[in-house]
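A.B. asks: Questions regarding the structure given below will be posed in turn.
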Amino acid sequence: MQSKNVCQNNDEDIPVTRSEGQIADDAFETVSEPECVVGDSERMSEPGCGVDDSETVGEPECVVADSERMSEPGCSVDDSETVGEPECVVGDSESEKMSEPECSVGNCERMDGPECASNYDAVKYITCLGNLRVTESLDDFIQECQSQMSEMREVCGRGRSVLESRITIENWAIASVLSDIPGQSHQQFPVKVRCDGDCLPACGAVFAFGQDVRPEEMRLRIVHELAVNAFYYLDNNYLSHNFTGKKNCLQSIASLSDHYFPEVHDLSKITVLKALYEKELKDICKPRSYMGMWQMFGLASVLQMRICSVYPEVSTYSELRTQLHRVIEPRDKKTDDVATILWTSTRMSTKSLSWVPNHFVPLLAFIKT
């Protein structure tokens, strides 16, 4: 029987795993009007979409011009004020200012703590995701990604600790933490992040910003990475680094896609792999849609740090653990720190014969070493 790794909410099973040349255009169907949805019929409420159910949602635009910049923490003006040229205080003197859309140092954003969310405008990032969903071809999709990326600076992840980030330890997930975490010698604790489909972007935010904040932005960054650098994520040699399984790694990841059906898809054909990858790209443009291994590879490159993917040792799907319990290398690495992320479940113990993951949580040392 074909095993699929799935992510579940509290009511139903939802797939978590998602992943050069010309990719088929059939998945880029024209969408008349992008919506912030969970499933097909449930409209997101605040702060997800930022629109009231009684309001008509017009054609979203992702505009980052001189007079209307994509807001970043510490740079936005209060919502009641007219947004002009944002200014960010840098250093100890308020006379030192930057007329940049982000408070940053060098090429990477350095933002930690609650201030990362204080002036954050989720709607702008959701709008950008909506613009990607209505593109009609992969080329259009990539072009839109590149346009959006030109207005955003890189983020640089780094190692975090429970004490530094002041995040609540997720006691129910402690049982899923193993002693055989690749490359880790000190005890790590699962910490609390949102359980709404944005759990993987939220994990990325913890290592980027120190808190579970700005999930829409992290989702958009993952989409950009997977679209613009698709060549890497369709390259078996790249994906196979640190992979100990006997199967073709690219085919293994593709087989975990919700769009994969063994009686329909021949994974030995690169055109089939590319088509599945393309559908994954479109899927994850939906706010709060679940993510998986292809997206975790993308997140490693977004953070520019290695990710240790920790999959519990359960009685079911032992081959699946071989595929998912591993260290993921980014395309470019800016730190030797490692972001450790645990596949877990909010519904059942790992001792259950029917255990499947439906959630991601970061694993942090209590004190940074």
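The values are calculated or read from the model by the stated rules, or taken from the named source; none is laboratory data. Predicted, not measured: the structure shown is a model, and the values here were computed from it. Heavy atoms of the whole protein, side chains included, go into the accessibility calculation; ligands, DNA and RNA do not. Shrake-Rupley method; radii C 1.70, N 1.55, O 1.52, S 1.80 Å.
A.B. asks: How would you classify region 243-293 from its alpha-carbon gyration tensor, with a ≥ b ≥ c the square roots of the eigenvalues: rounded for a/c under 1.5, else prolate if a/b is greater than b/c, otherwise oblate?
C.D. replies: It comes out oblate by the Cα gyration axes.
A.B. asks: Largest first, please: the extent of the C-alpha atoms of region 259-323 along each principal axis, to the nearest Å.
C.D. replies: The Cα atoms of region 259-323 stretch 31, 31, 22 Å along the principal axes, largest first.
A.B. asks: Moving on. For region 171-312, how big is the tail of P(r) above 22 Å, as a whole percent of Cα pairs?
C.D. replies: Tail of the P(r) past 22 Å holds 43 percent of the pairs.
A.B. asks: Once amide H atoms are built 1.01 Å from N in the peptide plane, which residues 5 or more positions from LEU364, or in another chain, come under 5 Å H to H?
C.D. replies: Sorted by chain and number, the residues that satisfy this are PHE189, VAL191.
A.B. asks: Here is a further query. Given LYS246/LYS274; LYS334/LYS368; LYS247/LYS274; LYS124/LYS282, which pairs have Cα atoms separated by over 20 Å?
C.D. replies: In this structure, LYS246/LYS274 exceed 20 Å between Cα atoms.
A.B. asks: Calculate, for region 205-280, the solvent-accessible area per residue in square angstrom, rolling a 1.4 angstrom probe over the heavy atoms of the protein chains.
C.D. replies: Heavy-atom SASA per residue in region 205-280 reads 37 Å².
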